[in-house]
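Student: Just dropping this structure here.
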Amino acid sequence: MLKNPEKIIAIVPAFNEKGKIGRVVEKTRQTALADLVVAIDDCSHDGTYLEAETAGAVVIRHRKNMGVGAAIRSGIYYGLEHGYDIGVVLSGDDQHHPQEIAGVIEPILKNECDMVQGSRWLKGGKVENERPFRVVMTKLYSLFFTLVTGRKITDATNGFRAFRLSLFKSTINIGKPWLDRYELEPYILFKAVKNRSIRLKEVPITISYHTHRKEFTKMKPFSDWWRIAKPVILLALKLRR
């Protein structure tokens, strides 16, 4: 890991993650790689806010549930407003491994790229407690994304990523209401892939899914699947910008 002169903020979106968010914040702080951990509580009703704050995070609270996209946007805007250079996003449900932040941000610190996308499917990546249906769906979506954009992306649905926050000053406009839920992440990835001035790299990471069915994912079949496909389709057809 390179000696880091730049300020790094860890952005952790969370909705009803009591019992998990505290572990995420603690493990992220223990790595000493992020200068600040900001947790975005998307109107939870289970004590997520207090657990994250007690663990040492700065907590942004949404007064109404807006979606994971809006939560990530709030974290990015906080980082920009407070002078941070690099943002790293990881889930609030303790599925990503904070000790892998070093590998995710290192290509940016080395000035090899401007954005890093984590991939469970690259050599060196790993999935724990994966389900066959999810394997098929994540790989099919990545193939779909690759075919539409013309750039091979092995894990387009992976939420573990890092980027220079300066990308969101003018290059990528994330301040659009239609990106509030699951649309924001594929939107950012699409824009990064299609912009020749943005250098993008995938790196291997680990995902550990929880064994309990209700904790596996908060995505709703069909409606949320459409939300992750919609930005790719609309941008490719130039129906949205």
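Conditions (1) modelled with pLDDT under 95; (2) under 21 Å from Arg73 (Cβ atoms); (3) touching a Phe, Trp or Tyr at 6+ places or on another chain (Cβ under 8 Å), marked per residue:
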position: Gln95; (1), (2), (3): no, yes, yes
position: Ile101; (1), (2), (3): no, yes, no
position: Ile105; (1), (2), (3): no, yes, no
position: Asn111; (1), (2), (3): no, no, no
position: Leu143; (1), (2), (3): no, no, no
position: Arg151; (1), (2), (3): no, no, no
position: Asn158; (1), (2), (3): no, yes, no
position: Arg164; (1), (2), (3): no, yes, no
position: Lys169; (1), (2), (3): no, yes, no
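Student: Out of the residues in the range 20-67 that are among the hydroxyl-bearing types (Ser, Thr, Tyr) and in a helix (DSSP H, G or I), which is farthest from Gly83 (Cα to Cα)? If you could, list the steps in order and put the result at the bottom.
Tutor: If we filter the range 20-67 for residues that are among the hydroxyl-bearing types (Ser, Thr, Tyr), which is where we start, we get 28, 31, 44, 48-49, 54.
Now narrow it down to the ones that are in a helix (DSSP H, G or I): 28, 31, 48-49, 54.
Numbers: Thr28: 20, Thr31: 21, Thr48: 26, Tyr49: 24, Thr54: 24 Å.
Here the residue is Thr48.
Student: Shifting gears a bit: Any chance you could count how many residues in the range 49-93 are surrounded by fewer than 20 Cβ atoms within 10 Å (Cβ to Cβ) and farther than 18 Å from Lys169 by Cα?
Tutor: Of the residues in the range 49-93, 14 are surrounded by fewer than 20 Cβ atoms within 10 Å (Cβ to Cβ) and farther than 18 Å from Lys169 by Cα.
Student: Sort through Gly103, Gly124 and tell me the only one that's assigned to a loop (DSSP other than H, G, I, E, B), touching a residue at least 40 places away in the same chain (Cβ under 8 Å) and small (Gly, Ala, Ser).
Tutor: Only one candidate passes the filter, namely Gly124.
Student: Which is touching a residue at least 60 places away in the same chain (Cβ under 8 Å) and either within 18 Å of the chain's Cα centre (by Cα) or over 22 Å from Pro107 (Cα atoms) (or both), of Lys27, Lys64?
Tutor: Lys27
Student: Tell me, please, whether a residue that is of a type in the set (Gly, Ala, Ser), in contact with a Pro (Cβ under 6 Å, 6 or more places away or on another chain) and closer than 23 Å to His210 by Cα can be found in the range 122-136.
Tutor: yes
Student: Can you tell me which residues in the range 221-237 are surrounded by 17 or more Cβ atoms within 10 Å (Cβ to Cβ) and not in a helix (DSSP H, G or I)?
Tutor: Answer for the range 221-237, where residues must be surrounded by 17 or more Cβ atoms within 10 Å (Cβ to Cβ) and not in a helix (DSSP H, G or I): there is none.
Student: Now for a different question. Could you tell me which residue of the range 30-44 is nearest to Leu109 (Cα to Cα), considering only residues that are of a type in the set (S, T, N, Q) and in contact (Cβ under 8 Å) with a residue 40 or more places away in the chain?
Tutor: The residue in question is Thr31.
Student: To continue, here is another question. Name the single residue, out of those in the range 117-139 being of a type in the set (A, V, I, L, M) and out of contact with any helix residue (DSSP H, G or I) (no Cβ under 9 Å at 6 or more places or on another chain), that is surrounded by the fewest Cβ atoms within 10 Å (Cβ to Cβ).
Tutor: Narrowing the range 117-139 to residues of a type in the set (A, V, I, L, M): 122, 127, 135-137.
Adding the requirement that they be out of contact with any helix residue (DSSP H, G or I) (no Cβ under 9 Å at 6 or more places or on another chain) leaves 122, 135-136.
Numbers: Leu122: 14, Val135: 13, Val136: 10.
So the residue we want is Val136.
Student: Pick from the range 140-165 the residues that are small (Gly, Ala, Ser) and more than 18 Å from Ala70 (Cα to Cα): which of them is surrounded by the fewest Cβ atoms within 10 Å (Cβ to Cβ)?
Tutor: Only one residue fits best here, namely Gly150.
The values are calculated or read from the model by the stated rules, or taken from the named source; none is laboratory data. Since the structure is predicted, the reported quantities are computational estimates derived from the model, not experimental observations. Cβ atoms come from the backbone with ideal geometry, glycine included; neighbour counts cover every protein chain shown.
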